[in-house]
Every structure is written in structure tokens, then in C-alpha cells.
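As C-alpha cells, the structure follows; a few thoughts come after it.
The values are calculated or read from the model by the stated rules, or taken from the named source; none is laboratory data. Computed from a predicted model, the values in this text were never measured in an experiment. Positions of Cβ are backbone-derived with ideal geometry, glycine not excepted, and every protein chain shown enters the neighbour counts.
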């Protein structure tokens, strides 16, 4: 791991005393005493590489708990690995510390890394620590493994495939509203549940092996259900038909809907759900759903892949065609 | 590759029109249409993973040419791979764009990436693009390969090993002074040469195979010759004896020395040289030097590894013991 020679001398101390202990059981990290890590890739496997960065004031608020900022950083990357069917191996962290970042803040951030490293097996192997005068940022590169040739891609969706989503949709949007104090009148239970989901998404890693067995294509829902389905359709050169009445909403999200705090359009367009969207051949759909339940995950069919010329259609809760922007679809 | 859903819609366009063309010959990148890249590691090799981030106003100035900012980002990471004896494979880029970053600025940045991707074989495979309200940052994770078990580490230096450095030392410091307008009276030729070395370091990749054959340990000189030798000695649990009169200085650096613009202490303590420091068993030192010349690189012996209890000694140009801070040695 390297440190910024232009930052305070505390950087080397930070690596040695706070970060190096995280690598006690990770020989690849070389105790963070080198500039590089050395990884012996698992035989017969491909490496899956992904990278997501988070920026203070953009992806999180300075007032957010530092443990949870670290955990969200780990989990948005783990969510990408999950959707590709990969098993987490390790990660490199670039930490850009804001001015006047305190040691207790850093210690709390590192506790968050430690907790999720333990929970999900994404082990810290190296990185860089620098000073960031304009505000903190953290960039994580995550590595996972899949058996050779089995990565689940965005491309590959076929006409008549069933579109599934894991868990529930819209909790990310609802949690953000709670965090921004835009949810007056929502019950305390709902507020807590949604805020927790927003801050601590649940990467669906246990779905990975099933995606490799069943899915023609998959993507994690980070930009919003409709936008990410749009990305997948664009890359696969197909269209889609989504029924909003089949989209799984949590109790907290439904409470906000019934109180007029948000609309179903908000929920299927908002980001930060970090669920998995997968398309499954129709004759395998039931078995996929059953096998997912056996690993403790509910997956819900929300629509069908159609031919590209049949377009991208969203049916509102009354079954009428709705006009919803689906950004990714337009751009690629 | 992923884009920030909270940034301007231009991000998807940026990936598709500016970055994706860089991956035309890199199947691992999946055309940047996925959130992840897929890398089939070379059989019988270990992967070397490194990560360096650069921040506007810390590691470069906003007024620096964007091509060269991108190239420096690539090269500081390539320098780490070079010192580990690794062959470059690919990289993931996190780009945090400052407010009001223009399209021409981004195009120039991408031209820099393209040029160095071509020159050094470090191919873009994926990443993330986000908005950075507090100022730009760029984080690169670079991957290289070495034959299994052959990574050159910081640890492993032995008493009596000869300490070699590649190229010249102090050009990074001199170039920074030129950039900061702290080099009044230096000739135009020297200014240009030093500034170019500061902005465009030369990763010593051709030394990699020789390091694997000859070196007990190696490190790239990024924090300064003395500091990085200190890191290597600390990790290897040895001491060192360095003769400043043997440290190779360029013509430009010598001109500044003779004009009193800087001292030898500045030059051996300043960062950003990105040369390789390697320790070689004494009976192999001459052959190492000869073989380096055959691949077009000059390497110079600047001292000797001694026992830890004999300490860390720098002999000044008159052969007297000098007092130089060597940060890394104190911290680990």
C-alpha cells in the first residue's frame, strides 16, 4: 500500500496501525508493506474486476456514520460482483481524506471495512491513501472469481425471458428521502427500515451461483429499476415489458406511497437499491424462483423481454402504458 | 464501466464515445458496457495489483496539461509494476470530474490515456466516472503479471547487497521547482528537461525481467531516494550506507546545484523520480549492470546494505556522515 508523501506524516502510521491489521489473514496483502499485492488467481477461474467510487456530498453526506460510509463502499462493489455471479476475493482501496479528518473518524471507517470484509469475504489487499483538500472520496476496486467463461453479462437477454428482481425495489429512494428529511409523517419503523436499506444495501451474493446456472443476463439495480433494465436491454438489443403491479415494494415504501410521500414512478426510477435484476428463460423461471428461496432469497417476476422493435414498455398499476424515462436505453 | 447517476447525463455519453473506443482491442473490457471486466489470468502467473490516486491541487495543478495528468497517473502505477518485475496487463480508472470540466479537457485527458495505453500495454478494462464537487481526482488500479512466485518484494535485502538506482535522481524535485517558478536563473533547456521528467516520469518496465533474475528486493523511488530506501530497509530489517557522490544526477539537476537553487539533500529527499531502487548480491552486481545496459538502461551503485544494528547512514559528497531524515525507516 502506498501513502501520499505530501500529506501529513500520519499516513504511514494510518496504514501500519489501522489498515495493516485488517490484512492479518490475507497473505496477498504482504502486510501492506509493499506498493503492490500479489494474487494467485484460482485455477480454472476468470477474474471479475469492478470499481465504484463514492464522493462526499455526492454519494454520502459528511454527517453520515463513517462505519456505514465504508460499508456502503464495500457493498456497492459487492453488488456488482453478485450480479456477475462472482465470489468475492479482495479489493484495493484509495482513500482521499478530507482536511481535518480525525483519527476517531478514520478508526470508525476502518471498523466498517473490517465488519464487511468479515461478512462478505472481500479482503483488503492494498491501495493508496492521499489527502483530498476539496472533500473526501473513496474508490474501491473489487476482484471476484467465476469458473472460466461463466461470468453473467448484461448482454444475452432473449425474447420471452422472464425479468426477475431480488428483494424489494424503491427502498433506496425511500431511504434517501428519509435522510433528506423529505418523509414527514412516515412511521418511525418505516423511517428506520428505509434509512438502513439506503445506507447499508444488501449485496445478493448468495444468488451468484444461481445466476450462473439460470440467467441469460443480469445487472445490479443501482441507477434505478427502469434505468438498469434499460441498460441491460440496450446491451442485449432487446425490448422489455414491465408490470408495475408485480414490482415488489417493502412495507415502508408502501406506507410512503399510501401517504403520498412518493409515487410508484419515483420508486422504479430511484437509485441505490442494489438488488439483482436477472432475465431467465421461461421454462426455467419457476425452478430459479424455488432455488432462490432455498438460499433464502425471494425473487419476483416483474415482466418479460420482448423484441427490440416492440419497444420498452411500462404498464402502470392500472395496466395502462406509462411514460417513464429509461436513460440508459436511450444512450447506448 | 459504471457512471454516476447523480452526475450530468453526459457521463454515459462520455463512456460510450470517449472511453469505449480505447477498449477496441481489449476484449476483457466488454466494450465498457458492463459494470465489470473479465480477465483470464495468464496460466502459471501471479497477478500484481497496485493502486495510486492523484488529486487536483495535491499531485498536480489544475493548469497542467490534461494529457500529461492522465499520463502521469498511468506512469506512477506502471512504475510500481516495474519495480515488482511485472508485465502490465490492464487497469480500472475512477475519474472524479471537477465542476465545469469541459469536453475538450476530457478529450485531452483521454488522449493521454490512449497514448500511454499504447506505449506501455496497460489497457483500460473498466472503472467508474463520478462528479467531484470539491475538485478532480483520478484513481487507477493497475494489474500486471509475473511468473508464479517471482514478484520482487520490498523484503529480502541482505547484508552486503549492492544498492542500485536506475536513471537519475532528483529530476522530480527539480521539475517541481520549475513548475512552481522556484528555479530562477536555470537555463531554458534544463527547465524543459526537468519539467518533462516531473510531468512524464519514465516507468522502467524493461528492467522488470532483470529484477526478477537479480534483485533480492526492489522499490520504486516515489517518495524520495532516502525515504524509499528507508521503506525497503525497514521491511527487510536491515540498515544501509549510501554515498551521495555516487548518486546519479542529470545535467539539469547539476546546473541547479551549481547555481544554488537546491541542495543535494533536496534531491535525495524529493519525490516523484519514479526510478527503480534494487538491491543485488555483490557477486551479481556487475552482470546486473551489464544486462541493464543491454536493455538500454543505466543503473548505478549508490551504496551497500548493512546490518540493522549498523544503522542507516548517508555519506555526504565529502564522505562525511550526514543527517538526513528517512521517514519510512522510522515508522515501520
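Those residues that are surrounded by fewer than 20 Cβ atoms within 10 Å (Cβ to Cβ) and under 18 Å from residue A:87 (Cα atoms), I need them from the stretch A:29-44; list them, please.
Matches in the stretch A:29-44: A:40, A:42, A:43, A:44.
Scan B:69, B:48 and give me the residue that is buried (at least 21 other Cβ atoms within 10 Å of the Cβ) and more than 8 Å from every other protein chain (Cβ to nearest Cβ).
The conditions single out B:69.
Going by the structure shown, is residue A:114 touching a residue at least 60 places away in the same chain (Cβ under 8 Å) and not in a loop (DSSP other than H, G, I, E, B)?
yes
Counting just the residues of the stretch A:72-93 that are within 8 Å of chain B (Cβ to nearest Cβ) and part of a helix (DSSP H, G or I), which one comes out surrounded by the most Cβ atoms within 10 Å (Cβ to Cβ)?
A:83
A quick yes/no check of all residues on (1) within 13 Å of chain A (Cβ to nearest Cβ); (2) surrounded by fewer than 16 Cβ atoms within 10 Å (Cβ to Cβ); (3) farther than 30 Å from residue B:32 by Cα; (4) modelled with pLDDT of 95 or more:
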position	(1), (2), (3), (4)
B:95	yes, no, no, yes
B:119	no, yes, no, yes
B:125	yes, no, no, yes
B:143	yes, no, no, yes
B:163	no, no, yes, yes
B:174	no, no, yes, yes
B:181	no, yes, yes, no
B:188	no, yes, yes, yes
B:193	no, no, yes, yes
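Check off (1) more than 8 Å from chain A (Cβ to nearest Cβ); (2) assigned to a strand (DSSP E or B); (3) farther than 27 Å from residue A:83 by Cα for residue B:129 and give me the number that stays unchecked.
(3)
Read through the list (1) more than 23 Å from residue B:59 (Cβ to Cβ); (2) touching a helix residue (DSSP H, G or I) at 6+ places or on another chain (Cβ under 8 Å); (3) buried (at least 20 other Cβ atoms within 10 Å of the Cβ), then give the number of the only condition that residue B:147 fails.
Exception for residue B:147: condition (3).
Which of the residues spanning the stretch A:218-238 are at the interface with chain B (Cβ under 10 Å from one of its Cβ atoms) and at positive phi?
A:224
Looking at (1) in contact with a helix residue (DSSP H, G or I) (Cβ under 7 Å, 6 or more places away or on another chain); (2) in a strand (DSSP E or B), can you tell me which one residue B:313 breaks?
Unmet condition: (1).
Take the conditions at the interface with chain A (Cβ under 10 Å from one of its Cβ atoms), at pLDDT 95 or above and over 30 Å from residue B:312 (Cβ atoms) and apply them to residue B:137. Does it pass?
yes
Count, please, the residues in the stretch A:31-70 that happen to be in a helix (DSSP H, G or I) and without any contact (Cβ under 8 Å) to a residue 24 or more places away in the chain.
Number of matching residues: 1.
Only residues that are over 13 Å from residue B:124 (Cβ atoms) and more than 7 Å from chain A (Cβ to nearest Cβ): list them for the stretch B:28-43, please.
B:42, B:43, listed by residue number.
Quick one: in the stretch B:97-117, of everything that is within 15 Å of residue B:139 (Cα to Cα) and within 13 Å of chain A (Cβ to nearest Cβ), which residue is surrounded by the fewest Cβ atoms within 10 Å (Cβ to Cβ)?
Ranking the candidates gives B:98 first.
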